[in-house]
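The values are calculated or read from the model by the stated rules, or taken from the named source; none is laboratory data. Since the structure is predicted, the reported quantities are computational estimates derived from the model, not experimental observations. Every residue, glycine as well, gets a Cβ built from its backbone with ideal geometry; the counts of neighbours run over all protein chains shown. Accessible surface is based on the protein model in full, side chains and every heavy atom, while ligands, DNA and RNA are left aside. Shrake-Rupley method; radii C 1.70, N 1.55, O 1.52, S 1.80 Å.
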Amino acid sequence: MSWTKSFSFRLTLTSLVIFTISSALMFGSYYIYSVYAPKRSIQRAVDRDVKAYEQIYAIGGSAALVRALNVRERQPSRYANLHAFIGPDGRTISANIPTWPKVSGQKWLTIEADVYADGVEYDRLAFVRDKRFPNNSRLLLGKDIDQIDELEENLQEAILWLL
């Protein structure tokens, strides 16, 4: 009798397949609920904000946009509101993130949005939409996604440990 035909081998193999499928479903569900869905929600919210701020800029100009950005920055939010408004000459007009890509390229960017407080640097990650206006001004509008990124890294580490 071959060992591949034995009941214990088939039972072990069946258990392994069931465990693998259930683990994949569990981790996949967790990823969708904890990482993918929040990122999509942030993307939709920022898209709405960009459209609203485009209108503010078109009607009231730079001063109105800066006022609106300052109000947005102070609004309570699960994910901190971040922005950078750069004039057509490349000069920073308003920003609450320290650095951003100098060249506008992709529509969506994931950038480091480090914060310096009391002489200490706190690393943060931001998901931002890069909008260029017709006069070459740029508006980077986004949210702090450091919590989501940390969950994603923990999930990847857990999967590696499981494997």
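Key figures for this structure:
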read-out: Mean Cβ neighbour count within 10 Å, used as a protection proxy, ranking 43-51, 80-88, 149-157 highest first; value: 80-88, 43-51, 149-157
read-out: Whole-percent carbon and sulfur share, accessible surface of the chain, 1.4 Å; value: 58
read-out: LEU11-SER23 pseudo-label distance in nm [points 7 Å out on the Cα-to-Cβ vector]; value: 2.1
read-out: Relative contact order [Cα under 8 Å, 6+ residues apart], region 26-126, whole percent; value: 12
read-out: Separation of the TYR122 and LEU160 label points, Cα + 7 Å toward Cβ, nm; value: 2.7
read-out: Accessible area (Å², per residue) of the chain, counting only protein heavy atoms and a probe of 1.4 Å; value: 65
read-out: Reciprocal mean inverse distance between Cα atoms of region 1-45 - Kirkwood radius, Å; value: 13.0
read-out: Cβ-Cβ FRET estimate between ASN96 and GLU152, R0 fixed at 25 Å, reported to 0.05; value: 0.55
